[in-house]
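Just so it is clear, none of the values below were taken in a lab; they were calculated from the coordinates. Since the structure is predicted, the reported quantities are computational estimates derived from the model, not experimental observations. No Cβ is skipped: glycine too gets one built from the backbone with ideal geometry, and neighbour counts run over all protein chains shown.
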Amino acid sequence: MKRLLAASFLLFSFYGFAQNNVPVIKQGSKLNYSITTENGSIQILVKIDSLSPSYLKLRWSAPEVGTGIWEIKAKSLESANTGRWSKLEPDANITLPDNEIVVLFSKAQWASIQKDKKTEFDMVQYTVKKNPQPSKLNDKDVDVVYLENEDATSKLWILNSPSFPAIIKISGNKAGPDAELKSVE
């Protein structure tokens, strides 16, 4: 009987870990995204060069496109609610406008998700819902916050991490291409 209880405890402990897997994203982390447009898909690697509460510098590279840099300042990290979906500009060092953000959600969006169970992104209102299926990252279940718009045509999966609420997946994006984070290194 003790063995059965011990085995059950281990199984439930493992299950809880698997369901709450949240990778730590920090300076030096590499995020591998697949971006899908009407013209096909491309892979983009986004490396976190610098990370602080007031500044984020991302270096991206995409085969057959090139490399570039996005700089996200404190105002964007705090309250931006618009994604950067424009064409990749190789060899450019772009400082995003105060209302734009890329790869993650702002602190204000995260706070709204936690408090009100909803947020606005790219002028679309999203509501937190139960995730219809497990989300995977690095071939493991990952803890996400799942959101969808009113008619469920646009869906977002956000890493359940207040320190770095990364966009894991966006489907039916009203403002640009769909994107999915495939792995974090």
Residue range of the chain that is longest and free of trypsin sites (Lys or Arg not before Pro) which are both DSSP loop and sparsely packed (at most 16 other C-beta within 10 Å)
27-86
Please give the calculated 222 nm ellipticity per residue for the chain, where each DSSP H segment of at least 4 residues contributes -39500 (n - 2.57) and the sum is spread over every residue; nearest 500 deg cm²/dmol?
-5500 deg cm²/dmol
With N residues in segment 2-184, Rg(alpha-carbon) / (2.2 N^0.38 Å) equals 1.09
Under a point-charge model restricted to the Cβ atoms of Lys and Arg (+1) and Asp and Glu (-1), what is the dipole moment magnitude of segment 95-143 relative to its Cα centre, in debye to the nearest 20?
320
Can you give the local net charge around PRO23? Use residues other than it whose beta-carbon is closer than 14 angstrom to its beta-carbon, Lys and Arg +1, Asp and Glu -1.
+1
Tell me which of THR95, SER76, LEU51 sits at the most positive position along the dipole axis of segment 2-184, charges placed on C-beta atoms (Lys, Arg +1; Asp, Glu -1).
LEU51
Could you give the size of the charge dipole of segment 2-184 about its Cα centre, using +1 on the Cβ of each K and R and -1 on the Cβ of each D and E, expressed in debye and rounded to the nearest 20?
840
If one builds a Gaussian network model of the chain from Cα atoms under 10 Å apart, the most fluctuating residue listed among GLY40, GLY68, GLY83 is GLY40
